[in-house]
Amino acid sequence: MSKNLVPSHLLVPAGTGSLDAYIQEVNKIPVLTFEEEQELARRYRDEDDIEAARRMVLAHLRFVVHVAKGYTGYGLALGDLIQEGNIGLMKAVKRFDPDHGVRLVSFAVHWIRAEMHEFILRNWRIVKVATTKAQRKLFFNLRKSKKRLGWLNYAEVNAVAKDLGVKPEVVLEMESRLSGQDVGFDLPPNADDEIPYVAPVAYLESKSRDPELELESSDWTEHNNTLLYAGLDELDERSQDIIRCRWLQDGKMTLQDLANRYGVSAERIRQLEANALRKMRASITA
């Protein structure tokens with residue numbers, strides 16, 4: 001289902017002023033009755049009536065705003081949460097079956113929240129706090145379960161673990177992730193040299209990027225290549241071709257392939273290859 005089901009000014013609120021105007025606009029859209037919703041859903045399902053689907057989406061945009069406001073504690077823009085929720089709403093409309101006899105809002109809430117959850121987990125921290133299905137469930141429920149600010153005590157940890165059906169150490173690990181702060185890897189542009197800034201880049205040294213070692217490695221590689229091709233030039237034309245086909249090209253040819261090319265046995269090609277390598281080795285080490 002395309003985003004075109006919803007006018008662009010209603011789908012992507014941008015900026016505080018535009019967001020306030022957006023919320024006012026969607027609250028003006030009339031709520032559908034059960035009968036209207038059933039008719040529109042059947043028109044879309046049976047006749048592929050895009051206008052009917054668009055009307056169902058528009059009528060439920062206010063509900064997306066309501067759900068999004070419940071996730072504002074994660075430090076993400078409300079407009080972004082609403083946009084993700086709108087995508088979930090459109091997915092729900094596409095899959096909604098009016099024959100089940102339930103309201104679209106009851107069906108759509110799961111799709112709306114799923115899109116918001118994915119967005120939060122992708123953007124809440126640079127280092128992802130939840131990667132498995134169990135961790136994602138714990139991530140959202142732990143914030144709701146904490147009764148006070150600060151770290152949970154022993155009794156609260158066990159209570160949360162029991163409520164969520166996980167081990168206490170899993171709760172402690174997730175709480176540690178939630179309570180941690182992101183630290184920039186590099187120094188900030190306006191950092192004062194006289195004030196120490198705790199950033200990982202200040203303590204890490206990469207020997208692999210040492211200019212002296214890189215130059216030495218480059219020179220050594222160039223030197224070996226020069227010796228290799230000098231030794232290759234001393235071989236006869238057939239031996240050069242065998243060495244190139246066997247060792248110096250991406251698609252390595254077999255002994256039998258070369259035997260067919262030169263009309264000799266594979267054993268003869270092996271002998272020529274061994275002799276050529278021996279001559280090259282002697283030339284390089286001379």
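The values are calculated or read from the model by the stated rules, or taken from the named source; none is laboratory data. Just so you know, these numbers come straight off a predicted model, no measurement behind them. Note that we place each Cβ from the backbone using ideal geometry, even for glycine, and neighbour counts take in every protein chain shown.
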Just wondering, is there one or more residues in segment 95-116 that are modelled with pLDDT under 70, under 23 Å from Ile23 (Cα atoms) and assigned by TED's automatic domain parsing to the domain that holds Glu47? no
Within segment 267-286, the count of residues that are loosely packed, with under 14 Cβ neighbours inside 10 Å and among the hydrophobic types (A, V, I, L, M, F, W, C) comes to 4
If we keep only residues of segment 34-65 that are surrounded by fewer than 19 Cβ atoms within 10 Å (Cβ to Cβ) and touching a Pro at 6+ places or on another chain (Cβ under 6 Å), then the residue nearest to Gln24 (Cα to Cα) is Gln38
Query raised in the report: Has segment 266-285 got at least one residue that is hydroxyl-bearing (Ser, Thr, Tyr) and modelled with pLDDT of 80 or more?
Result: no
Reported set for segment 47-63 where residues are touching a residue at least 12 places away in the same chain (Cβ under 8 Å) and assigned to a helix (DSSP H, G or I) is Ile50, Ala52, Ala53, Arg54, Arg55, Met56, Val57, Leu58, Ala59, Leu61, Arg62, Phe63
Given the conditions (1) within 26 Å of the chain's Cα centre (by Cα); (2) not in a helix (DSSP H, G or I), every one holds for Lys91 apart from (2)
Filtering segment 222-266 down to residues that are assigned to a helix (DSSP H, G or I), basic (Lys, Arg) and surrounded by fewer than 16 Cβ atoms within 10 Å (Cβ to Cβ) yields Arg238, Arg244, Arg261
In the set Val93, Val31, Val26, the lone residue that is surrounded by 15 or more Cβ atoms within 10 Å (Cβ to Cβ), free of Cβ contacts under 8 Å to residues at least 60 places away in the same chain and under 30 Å from Ile120 (Cβ atoms) is Val26
Condition set at pLDDT below 50 and either aliphatic (A, V, I, L, M) or assigned to a loop (DSSP other than H, G, I, E, B) (or both), scope segment 12-23, selection surrounded by the most Cβ atoms within 10 Å (Cβ to Cβ): answer is Pro13
